[in-house]
Amino acid sequence: MEIVALGSTGLQVTRLGIGLSEIGSTPIEVSTVEKLLNTGLDAGINFLDTAACYGNSEELVGMTVSHRRSEYTLASKCGHVTGDYEGEAWTPKLITDSIDRSLVRMKTDYIDLMQFHSCKVDVLEQEDVINALIASRDAGKVRFIGYSGDNENAQWAVDSGIFATLQTSFSMVDQKARDGLLAAAEAKGMGIIIKRPIGNIVWGKASVKSAYHQQYLERAQAMSAIGPVVGDEDPIKMAMGFIFAHPEVDTAIVGTTNPAHLLSNIALLDGGVELASETMDTLTQRYGELGAKWPQLT
C-alpha cells in the first residue's frame, strides 16, 4: 500500500483509508468490526476516519484496535450533539466535551486529526468555536485540526488558513471540487482527504435503495446515457483511477462492513488503477457538459 504525506502535517498515510460511518450506522457484531479493522491494518492501511456522530463507531474503534494504536493515523470529527449529550451544537463547551469523550471512547491519549464536521460559514466565523478546537490541539488532545465539508463552506475553511486538512466529496459524478477547491487547498499545504470517492457505486445501476443514493444515480445515468465509457465494466476501478489521477489527493476513504470487500479494494489499488487518457477525458468532458450547476453532494 502506497504511503504519502498528508499535506504539510508530517503525517504519513496510505492512499486508501477506511471510513467508519457504516460500522456505526449498521447493525453489526463487534467480532465483524474486529475482523474488518484488523484485516485492514494487517494489509497495510493506516488511516481510519470516524466521527462522534457516527453512531457507536468510536466505541468500536476503541474495542477492536486500540491495542494497535501506534499503527494507524486516527481522524475523527466533532460539532454535533450526539448520544445522550445535553447541550447545543457548535458551542465551545460541546466541542471540548466531544473531544474528551472521543478520547475515552477510542481508548487513546490523543487523536491525530480532529475535524469540524460539515458546519456552515456562520459557524466557522465564530472565533470562540474555532478557539475551542485550537485549545484542544494546544493541550495535546489532538495533533492537527481540519475541516470536513463541501461547497462554499469548504472554500471558506481553505481560504481561512486555520485548518491543516480538508476532507471533501469528490468522485466521477461529483467533480465540483476540481473547480479550484482542490488546487486552493494544495496551495495552502493542506492534506486532502476524499470522501465518497466511488460515488456510492452507482455507475451502471438501474436503481438504488435510498433517496440519498438517488442523487448519485441520476448523475451517473445522465453521464453514461451519452454513450459507452472505456473501462466502465469495472466501475470501482474506474472510480479509483479517476480520483488518484488528481495529484492533489492524498488519501481517499471508503467505507464497508465486509472484510472481503476491503481486501478487494486494497488489491485493486495495489494492482494499479491508472486510467486510459480517453477515459479521463470522457469523464471530465461529460461532467463539464452536464454538471455546470451541480453542487458538491454533502
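Calculated FRET efficiency, Glu218 and Asp179, Cβ-Cβ r, R0 30 Å, to nearest 0.05?
Numbers: r = 20 Å, r/R0 = 0.67.
So, using R0 = 30 Å, E works out to roughly 0.90.
To two decimal places, what compactness ratio does the chain give when its Cα radius of gyration is scaled by 2.2 N^0.38 Å?
Values: Rg = 18.5 Å, N = 298, 2.2 N^0.38 = 19.2 Å.
Taking the Cα Rg and dividing by 2.2 N^0.38 Å, one obtains 0.97.
I need the fraction of alpha carbon pairs in the range 215-276 separated by more than 15 Å, rounded to a whole percent.
Numbers: 1136 of 1891 pairs.
Here the tail beyond 15 Å accounts for 60 percent of pairs.
Running a GNM on the chain with Cα contacts under 10 Å, which residue among Lys77, Lys195, Lys107 ends up with the highest mean-square fluctuation?
Lys107
According to a simple spin-label model (label point 7 Å from Cα along Cα-to-Cβ), what is the distance in nm between Ile28 and His80?
1.6
Using the beta-carbon distance between Thr39 and Ile134 and R0 = 41 Å, what value does 1/(1 + (r/R0)^6) give for FRET efficiency, to the nearest 0.05?
E between Thr39 and Ile134, to the nearest 0.05, is 0.70.
Go ahead and collect, in residue order, the members of the range 262-286 whose backbone nitrogen is under 13 Å from a label point 7 Å along the Cα-Cβ direction of Glu233.
The answer is none, because no backbone nitrogen lies closer than 13 Å to the label point.
Rounded to two decimal places and with Rh computed the Kirkwood way over Cα pairs, what is Rg over Rh for the range 146-298?
Working: Rg = 15.1 Å, Rh = 15.9 Å.
Here Rg/Rh amounts to 0.95.
Connecting C-alpha atoms closer than 10 Å in a GNM of the chain, tell me which of Gly204, Gly19, Gly146 has the biggest fluctuation.
Sorting by GNM fluctuation, first place goes to Gly204.
Relative contact order (percent) for the range 136-279, with alpha-carbon contacts under 8 angstrom and 6 or more residues of separation?
Details: 189 pairs, mean separation 30.5, N = 144.
Value for the range 136-279: 21 percent.
What angle do you read, to the nearest 10 degrees and between 0 and 90, between the alpha-carbon axis of helix 211-224 and the longest principal axis of the chain?
Here the helix axis deviates by roughly 30 degrees.
On full extension of the chain, what length is gained from Ala5 through Ala187, given 0.36 nm per residue of separation minus the C-alpha to C-alpha distance? Walk me through the intermediate numbers first.
Details: separation 182, 0.36 × 182 = 65.52 nm, distance 1.46 nm.
Working it through step by step, the gained length comes to 64.1 nm.
Say a paramagnetic label sat at a point 7 Å from the Cα of Ser160, along Cα to Cβ; which residues of the range 1-16 have their backbone N under 20 Å from it?
7-9
Provide the per residue accessible area, probe 1.4 Å, for the chain, rounded to a whole number of square angstrom. Could the numbers behind the result be given before it?
Values: 12590 Å² over 298 residues.
Accessible surface, normalised per residue, equals 42 Å².
Measure nothing but the geometry: give the 0 to 90° angle between the long axis through the Cα atoms of 151-160 and the longest principal axis through the Cα atoms of the chain, rounded to 10°.
50
Report the dimensions of the range 139-231 along its three principal axes from the alpha-carbon atoms, largest first, rounded to Å.
51, 25, 24 Å, listed from the longest principal axis down.
Rounded to a whole number, what % of the accessible area of the chain do carbon and sulfur atoms account for, probe 1.4 Å? Could you put the intermediate results ahead of the total?
Values: 6200 of 12590 Å².
On the chain, the fraction of accessible area on carbon and sulfur atoms equals 49 percent.
Can you tell me the FRET efficiency between Asn258 and Ala225 if r is taken as the Cβ-Cβ distance and R0 is 22 Å, rounded to the nearest 0.05? Let's see the in-between values first.
Values: r = 30 Å, r/R0 = 1.38.
Efficiency at R0 = 22 Å is approximately 0.10.
Helix 235-244 versus the longest principal axis of the chain: what angle, 0 to 90°, nearest 10, using Cα atoms?
For helix 235-244, the angle is close to 60 degrees.
Using a simple spin-label model with points 7 Å from Cα along the Cα→Cβ vector, what separation in nm is obtained for Glu71 and Val121?
4.5
Roughly what % of DSSP beta bridges within the chain run antiparallel, to the nearest 5? Each step should come with its number before you reach the end.
Working: 4 of 34 bridges.
Expressed as a percentage, antiparallel bridges in the chain total about 10.
Treating the beta-carbon of each Lys and Arg as +1 and of each Asp and Glu as -1, no other charges, what is the dipole magnitude of the chain about its Cα centre, to the nearest 20 debye?
240
The values are calculated or read from the model by the stated rules, or taken from the named source; none is laboratory data. Everything numeric in this text was worked out from a predicted model, so none of it was measured. Cβ coordinates were reconstructed from backbone atoms using ideal geometry, including for glycine residues, and neighbour counts include every protein chain displayed. In case anyone asks, the SASA skips ligands and DNA or RNA and just uses the protein heavy atoms, side chains included. Shrake-Rupley method; radii C 1.70, N 1.55, O 1.52, S 1.80 Å.
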